[in-house]
Every structure is written in structure tokens, then in C-alpha cells.
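Here is the structure we will look at, set down as C-alpha cells.
No lab work stands behind these numbers, since they all come straight from the coordinates. For clarity, every value in this text was computed on a predicted model and none was experimentally measured. Note that we place each Cβ from the backbone using ideal geometry, even for glycine, and neighbour counts take in every protein chain shown.
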Amino acid sequence: MRLRGHRRLTASLVAAAALGLTLTACTGDIAEEDAADVDCADYESYGTFDGAEVTVAGTILDLEADRLNESWADFEQCTGISVEYQGSSEFEAQIAVLAEGGNAPDVGIVPQPGLLARLAEGGWLIPASQPVEDNVDEFWSEDWKQYGTYDDTFYAAPLMASIKGYVWYSPAEFEEKGYEIPKTLDELTTLSETIAAEGDHKPWCVGLESGEATGWPGTDWVEDYMLRLNGADAYDQWVKHEIPFNDPQVAAAFDAVGGYLKNEDMVNGGIGDVSTQVTEAFQTAGLPILDGECSLHHQASFYETFWNPDGGDDVKVASDGDVFGFLLPPANADDPLSVTGGGEFPVAFRDAEEVEAFRAYLSSDLWANNRVSLGGVISANKGVDPENASSELLSQSIEILQDPETTFRFDGSDLMPGAVGADSFWKGIVSWVGGESTTQVLDTIESTWPTS
């Protein structure tokens, strides 16, 4: 009964998000209610502004949007800057059109370095101020700074982060059935085959639907396998098109993933046949684990929020709880820890002191700790205390991102040109799951790569 309730609620949230609802109202209320409790000493460096407003837009919706608003409520109270946030599932598709028409928000929270590059190339972005850059130099790695840079100009600091390669599971089921956390990709295959052979449910549940971005969860699978099977150098060459998209190494990654996503014995637990992956929303796809209708779900660290979409704590995310996650294992047990991940970048479309004061706050360790403490997310900001995270898994994720021994690579499709990473790659996943061969799909994607 609990699972069904969660799935109905989450489905309604997904439907609301598809309409591009505005999510702004709670900031002022929070500031007014908590004004007496705010210690403004930490915010003095940002200055004070009388009646200034900063408009912000992005893809962040529902509970996460509420928490985002809460994360800057004290900043609003102490600086006098009113921050108005609008979330839309169509932000990525619309922002360039809005910018070209002069109707962009003051700040856009961009989830893709490739989209940032497109906006910068269009001449619509304001370079980041020195305080923003100083924060990035202090709290972030050089790799992360480069993701916010285009043509040697630094435009935006990182915001939140995620680790893409988690496999969610039920600790109780693993204990009851004697399943072991796999240490290699071959062991993961063996585990999946064992679950499938037991016959009472499919091992994996998968959802690829995400509005105009349908297919992106499948690209995460491919990227994780590309990094683990072929290494960081080959991954970088692929993302930069120094090897073609239809290179044999890419095909090997697709085929390894196809052993799950194109296999009727492996998917789609608790949902339907292979074809239902394309119609099942990524937000709800993992929830059948709670009913024992599947055992495994590949999704990022941010998926923790979707186990309790109403902000409650009915589902315990812990190694001894209802659900937990293990990292997709390496190809070989002695391989170094390698993870893919993502993040957002607050770019500016208006040159104003209040806009840069706000962006400086977002790039600080103060904001990062405030936001992480509210739950559901992580940051690669080196000033974040992992103990501030809302769960064991998220604390672990922060430690992984802060560990200098970790090989981290940004989500490949987010780094590729938009014509590929946010178009033909997503669409190619849908066609591939629908029955097209790996060769057909990779040749088609390769043909869409810009020639200049």
C-alpha cells in the first residue's frame, strides 16, 4: 500500500512539473517567519540592497525547489535582495530562445556545460565577477572550474553535484536472500542473472521518460560503462570527439548496457516489458523496489529525494533501511575508483551588483553547507562538511567527490554539443531500446556531430 501511494503522489508531481509550474511563493514567508532568528554576520560581505530583486529560473521542481528557496532565505533577509525562482521542466529547451528575445531571467541554473557553452557563444552571458571566481578557486577543483568556462572566459561557479553511478537496492532483500554487493561488473551480471533465474520478478526496473529529455537516464548507463570499461582517457576522447561516436569502445559500452536494457529477462520489474522503459518516468521507476517487484535501479545520488517525494521520512534510506545504494562496480576489483556525475551552473544574463552578490553567495561554502543541511543533495564544494548531509549515502557521496584519489568525470552527454548530448544521444537511446541495433544507433548519432 505504501508503494502505491508514493507512486500516485510522485506521478502527480511529474505531471505538474510537465506544465512548467512556477515555484516562488515560499521565500518571502520563510524570511518573514525566521527574521528574528537570522544572524546576519555571515552575510555582511555581500552588501545590502534596498528593494533589489533577482529573478532565477532552472529545472529544479517541487520539493527540491522549496529547499532551494529555503537555502537563500537568510541571504534575502540580510541583504535586502528578493530572489524569485521559477522552475520548469522545459527550461533547457526554452532558455536560449528567451535569451535571444531579451526575456531571460537574471540567473539561469544551467545543468549542462554544453548548454552553458551554447549560451556563451550566443553572447548572452555575463562573465562571473571576481568574488565568484575567488570562491571557485578556493572551494572547487580546476576540473569543476573548467566546466563553467567557455573560450577561456569564466562564466559560472558550480552549484550542487551528483554521482550518477549508484545502484539502488533493498538491504532487507539482500540479507534475506544472501545477495552480496558486487565488486565487479561481471559479479553484477551474475547477481542479475541469479535474480532473473529465481523467476518471481525481473531484477531491474528502469524509467527513461523525462519529457523532451526522454532517454537521458540511458545515457548515464552508457557513460558509466564507457568510463569503467575503457578508462578515463578514452572517455575524454569520446566526449571531445577525438574518437568517433561509433568507435568500437563506445559500441562495447552500449552492448554491455544492452545486456540489461534490451533484455526481457532483466527489465522492467514491476512496470512491464522492455518497451515500458520509454514511457515510465525516471522519477517513479525505482519505486517498485519497495514492493519487491524489482531488486535493482540505476540512478544518481539525487534519486534519494524520490523515495519520499512529499518530504517525509516514511522510506528510510540507509544501509539498514528500506533502500540504499552501492556504486556501479569497476570492471576489475583492483581498478581505481571512477565515477561519473553532474551538476548545475548559475549563469547570469543581467549585469548588476545584486546579481553578482547572489552568485557569490551560491558559490560559497556557506551556501553549500546551508543547502546540503536541508537534505536530498550533495556538493563537490571542498568546504562542505559531509556530516551535514541528510543521509549516510549522501555523506559518502560528498567524501567520494572530495577525495583526491577519485577519478571523476562529468556526465558525457552534458559536455557534448547540444545537437548530440541533448538531442541525438537521448533520441538514440529511445530508438535503441525500441529495437534498433547498436551499429545503426551509433552511426546515426555520429552523423549529427557538428563539423565545426
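Listed values, structure above:
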| quantity | calculated |
| --- | --- |
| Lysines with Cα under 23 Å of Lys183, excluding same-chain neighbours fewer than 8 positions away | Lys164, Lys202 |
| Volume in Å³ per residue [convex hull over Cα atoms, computed for the chain] | 136 Å³ |
| Restricting segment 305-407 to trypsin sites (Lys or Arg not before Pro) in coil, as DSSP defines it, with at most 16 other Cβ within 10 Å | Lys316, Arg350, Lys382 |
| Cα long-axis angle, helix 2-18 against the chain (0 to 90 degrees, to the nearest 10) | 50 degrees |
| Rg/Rg_globular for segment 122-188, with Rg_globular taken as 2.2 N^0.38 Å and Rg from C-alpha atoms | 1.88 |
| Added length on full extension, which subtracts the Cα-Cα distance from 0.36 nm per residue, Asp314 to Ala197 | 39.0 nm |
| Cα-projected label distance for Glu142 with Lys240, points at 7 Å along beta-carbon direction, nm | 1.4 nm |
| Radius ratio Rg over Rh of segment 374-413, counting only Cα atoms, Kirkwood formula for Rh | 0.98 |
| Three principal axis lengths of segment 232-340 [C-alpha, angstrom, descending] | 47, 32, 25 |
| Given charges at Cβ of Lys, Arg, Asp, Glu: segment 173-317 dipole, positive-most of Tyr225, Val274, His297 | Tyr225 |
| J(HN,Hα) series, segment 437-452, from Karplus relation 6.51 cos²θ - 1.76 cosθ + 1.60, nearest Hz, glycine and proline x | 6, 4, 4, 4, 5, 5, 5, 5, 4, 4, 5, 8, 5, x, 8, 9 |
| GluC sites (Glu not before Pro) restricted to segment 262-342 and DSSP loop, no more than 13 other C-beta within 10 Å | Glu264 |
| Förster radius 22 Å - calculated FRET efficiency between Ala93 and Glu436, Cβ distance, rounded to 0.05 | 0.35 |
| Relative contact order, percent, the chain [alpha-carbon distance under 8 Å, six or more residues apart] | 23 percent |
| Virtual spin-label span in nm between Thr184 and Asp403, 7 Å along Cα→Cβ | 2.0 nm |
| Calculated FRET value between Glu264 and Ala352, using beta carbons and R₀ = 56 Å, to 0.05 | 0.50 |
| Residue among Gln396, Thr190, Leu159 farthest towards the positive dipole end of the chain, charges placed on Cβ | Thr190 |
| Segment 154-246: GluC sites (Glu not before Pro) falling in loop per DSSP and having at most 14 other Cβ within 10 Å | Glu180, Glu242 |
| P(r) tail fraction, segment 60-210 - alpha-carbon pairs more than 26 Å apart, % | 49 percent |
